[in-house]
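Since every read-out is calculated from the coordinates, none of them should be taken as a lab result. No experiment lies behind these values; they were computed from the predicted model shown. Here the Cβ is made from the backbone with ideal geometry for all residues, glycine too, and neighbour counts use every protein chain on show.
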Amino acid sequence: MTPLLELSNVRAGYGHSLVLQDISMSLQEGEIVCLLGANGAGKTTTTRVISGLLSTWSGEVRFAGENIAAVPAHRRVDLGICLAPEGRQVFPNFTVHQNLLIGSYSKTARRRRAEKFDQVYSLFPRLAERRAQKAGLMSGGEQQMLAIGRALMGCPRLLILDEPSLGLAPKIIIDVYATIAAIAKLGLSILFVEQNVQAALTIAHRGYVIANGRIAASGTTAELQSTPLVQEAFLGTKTAGTDRAAPGSARVSAH
Amino acid sequence: MNMRFASVSIWVVGLLFALLTPVFGSPTMVDITFRTCSLVVLAVSWNLMASAGLISLGHSAFFGLGGYAAILAANSAGTPFWLSLLGSLVAGAILGLGLALITGKMRGIYFAITTLAVSEGLRVIAVMLPDLTGGAKGAYLIPDNFPGAFTVNLAMGIAAVGTCLIAWAISRSRYHFAFRAMRANEGASQMLGLYPLKYRAAITAISGSLASLAGGVEVWHGGYIDPALAFDLHITITSQIAPILGGIYTLSGPVLGAVATTLIGDATRIGLGHIEGASLLVFGLILVGCVLYLPQGIRGGIVQFLDWRSGRGGASMPVPADTRPR
């Protein structure tokens, strides 16, 4: 079966600095996949490449079997790639309802707007209560729900969530993840980025660990939980620098 | 008094003023109305771009280009009045479109500087091409097709009303949301499937053509143009003072601001004209006072006052003008 999303040997970066050295990954229809990694590993850059906000230097991005390298960001929404970006980025001066409305701006989404509103408001009763509220006046957790809801309004085939737990209280993170699990039950394919390993591994089927712009490990959640690499990537017990220094110092102490 | 009724009636009064003063007004009133209408066109046009997050520091570029387009068309080809104005519209739209394409993804201060440079560049070009533009000496309109002062005054009134209608139509359409989203966060709006360049190009073309139209009518009114007059920094500045004074990002704000700026300017000039520099000083102080005490502009002040009167100190929180529907 052709995967819904497939990245092969993707290299990308900003200006002259290469961030993604070599990323290959895939996601099947209906799958929930998480991208794990420490700060600066390239997680967000990967989501930017998939949503088209950043173009690749080399390698291929295929969506439903088609190479989408030449498809600009705004057209990818029409294809069904919807992103709830890092840091939420809701429109603070718009009401909740207006934020959702503009989430369904693309042609495909506009036709199914009423149905999507029902879906989002039943998934997030909190948003329904606050539909006339200015988004900027809501709490971080509510804004995160709004960002996810706004992405859902675009009729995604692939929903990308970039650090949905960023800056939220642990109690709120549980709420957000309960909702993501509820969305997953709708049969949507979800790719999400996390630093919060515990939260991520509770709902994902599979995961990839990114370190220094490369896939350092991948596997099912059970496999990842038992890999020492995951701990290393997050707790920084072995970063790239110390990795090379460690054998040397070990040798010194052995002598 | 109902707020909706109040705003509709003020709009109707403004419309009648713009269109009927050329017919019935005294010469002084006709003159004031002409200048107000000219500023209304510029202010509303500036506000259209600002509403999409594009701050123009070069509205005189459009104004001047429109003036030259009209006078060149009339002098070289004997183009009649109305047709020459069409020339101004087209020239302004092309410049606006070009500006959007050149600036690409530039935002904020970078976009603003570019517009300033475009305006200065056009002024220099106008000086450097004396065979075409008359150079620094300027050009006089050959009055073969002069339609009469009445028609020119009426044309500015129609331009002002038309500009407001266009701004109103945009504020009613879904594009209004697209522009507001772009202003708030262009990256986020692109993630939702908006193509920012398309909307930028559209709004700069519309805004540019309207400002050019004002320049075109002004040329027929004054009969003369030169580079310093056409690409005057003063035009750029008044086209943004008016919307800021009246209420930026709103529909009626720029219009109220244009009326207020013209009237305050005239009052200080006439009242204090005999003391050197005093009129400008007082004009400036009034503007500073307005910005300090009416941060949401005249429109915001009126809305707050009406809220206060209807609620009599009820819990009406001041809402930023920006967030009001219109």
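For B:W168 and B:I264, compute 0.36 nm times the residue count separating them, minus their Cα-Cα distance, and round to one decimal in nm.
31.9 nm
Rounded if a/c is under 1.5, else prolate if a/b beats b/c, else oblate: with a ≥ b ≥ c from the C-alpha gyration tensor eigenvalues square-rooted, which is chain A? Don't skip to the answer; put the middle values down first.
Numbers: a/c = 2.05, a/b = 1.58, b/c = 1.30.
Note, shape of chain A comes out prolate.
List the chymotrypsin sites (Phe, Trp or Tyr not before Pro) within segment A:1-73 that DSSP assigns to loop and that have no more than 14 neighbouring Cβ atoms inside 10 Å.
Working: sites: A:Y14, A:W57, A:F63; in loops: A:W57.
Answer by residue number: A:W57.
When the dipole is taken about the Cα centre of the protein assembly as shown, and only Lys, Arg (+1) and Asp, Glu (-1) are charged at their Cβ, what size is it in debye, to the nearest 20?
Values: 44 positive and 31 negative charges, 242 e Å.
The calculation lands at about 1160 debye.
Going by C-beta contacts inside 10 Å, put B:V124, A:V230 in order with the fewest on the left.
Working: B:V124 11, A:V230 21.
Ranking B:V124, A:V230 by Cβ neighbours within 10 Å, fewest first, gives B:V124, A:V230.
About the Cα centre, and with charges only on the beta carbon of Lys, Arg (+1) and Asp, Glu (-1), how big is the dipole of chain B? Nearest 20 debye, please. Working shown, then result.
Numbers: 18 positive and 12 negative charges, 257 e Å.
With Lys and Arg at +1 and Asp and Glu at -1, about 1240 debye.
Can you grab the distance from the C-alpha centre of segment B:47-100 to the C-alpha centre of segment A:79-107, Å, no decimals?
Answer, in whole Å: 35.
Step by step: find N for chain B, compute 2.2 N^0.38 Å, then divide the Cα radius of gyration by it. What's the final number? Display every interim value, and only then the final one.
On the way: Rg = 19.9 Å, N = 326, 2.2 N^0.38 = 19.8 Å.
Compactness ratio reported: 1.00.
List the residues of segment B:89-105 whose backbone N lies under 17 Å from a point placed 7 Å from the Cα of B:A77 along the Cα-to-Cβ direction.
The answer is B:89-95, whose backbone nitrogens lie closer than 17 Å to the label point.
Computed FRET efficiency, Cβ-Cβ of A:D78 and A:A128, R0 35 Å: what is it to the nearest 0.05? Can you show the working numbers first?
Details: r = 27 Å, r/R0 = 0.77.
About 0.85, to the nearest 0.05.
Ranked highest first by the average count of other Cβ atoms within 10 Å around their residues, in what order do B:165-176, A:191-202 fall? Don't skip to the answer; put the middle values down first.
Working: B:165-176: 15.2, A:191-202: 20.2.
Descending packing order for the listed peptides: A:191-202, B:165-176.
With point charges of +1 on the Cβ of Lys and Arg and -1 on the Cβ of Asp and Glu, referenced to the Cα centre of the protein assembly as shown, which listed residue (B:G162, B:I286, B:L122) lies farthest in the positive direction of the dipole?
Among B:G162, B:I286, B:L122, the one farthest towards the positive end of the dipole of the protein assembly as shown is B:G162.
With N set to the number of residues, divide the alpha-carbon radius of gyration of the protein assembly as shown by 2.2 N^0.38 Å and report two decimals. Spell out each step's value before the answer.
On the way: Rg = 29.2 Å, N = 581, 2.2 N^0.38 = 24.7 Å.
So the protein assembly as shown has a normalised radius of gyration of 1.18.
What percent do you get for the relative contact order of chain A when only Cα pairs under 8 Å and 6+ apart count? Display every interim value, and only then the final one.
Numbers: 472 pairs, mean separation 64.1, N = 255.
Computed over chain A, the figure is 25 percent.
Need the C-alpha centroid separation for segment A:137-211 versus segment A:1-53, integer Å.
When both Cα centres are located, 17 Å separates them.
Which loop-located trypsin sites (Lys or Arg not before Pro) does segment B:238-313 contain, where loop means any DSSP state but H, G, I, E or B and the Cβ has at most 11 other Cβ atoms within 10 Å?
Sites meeting the loop and neighbour criteria: B:R312.
Taking the Cβ-Cβ separation of A:L186 and B:W308 as r and a Förster radius of 41 Å, what is the calculated FRET efficiency to the nearest 0.05?
Values: r = 48 Å, r/R0 = 1.17.
That gives a FRET efficiency of 0.30.
Straight-line reach from A:K107: which aspartates and glutamates have Cα under 12 Å away, leaving out those fewer than 8 places along the same chain?
Within the straight-line limit of under 12 Å, A:K107 reaches these aspartates and glutamates: A:D78.
Averaged across A:147-155, how many Cβ atoms of other chains sit within 10 Å of each residue's Cβ atom? Can you show the working numbers first?
On the way: counts 1, 0, 0, 3, 2, 0, 1, 3, 0.
Across A:147-155, the average partner-chain Cβ count within 10 Å equals 1.
Please identify which residues in segment A:1-33 have an amide N closer than 15 Å to a label point set 7 Å out from the Cα of A:N67, following the Cα→Cβ vector.
Answer for this model: A:6-11.
Only counting other Cβ atoms within 10 Å, I'd like B:L306, A:L20, A:L7 sorted with the fewest neighbours first. Walk me through the numbers on the way to the answer.
On the way: B:L306 16, A:L20 27, A:L7 23.
In increasing order of surrounding Cβ atoms, one gets B:L306, A:L7, A:L20.
Determine, for A:T46, A:T108, the number of other Cβ atoms within 10 Å of each Cβ, and report the residues in order from fewest to most.
Working: A:T46 28, A:T108 14.
Listed from fewest to most nearby Cβ atoms, that is A:T108, A:T46.
Going 7 Å from the Cα of A:R214 in the Cα-to-Cβ direction, what parts of segment A:6-30 have a backbone nitrogen less than 11 Å from that spot?
So the set is A:21-23.
Along the positive direction of the dipole of chain B (beta-carbon charges: Lys, Arg +1; Asp, Glu -1; about the Cα centre), which of B:S60, B:G78, B:V44 reaches farthest?
Result: B:V44.
Have a look at A:V77, A:G140, A:L101 and report the one farthest towards the positive end of the charge dipole of chain A, computed about the Cα centre with Cβ charges (Lys/Arg +1, Asp/Glu -1).
The Cα lying farthest towards the positive end belongs to A:L101.
Could you work out [θ]222 nm for chain A from helices alone, using -39500 (n - 2.57) per DSSP H run of at least four and dividing by all its residues? Round to the nearest 500 deg cm²/dmol. All intermediate terms of the calculation are to be shown ahead of the outcome.
Values: 12 runs with 111 residues, N = 255.
Result for chain A: -12500 deg cm²/dmol, rounded to the nearest 500.
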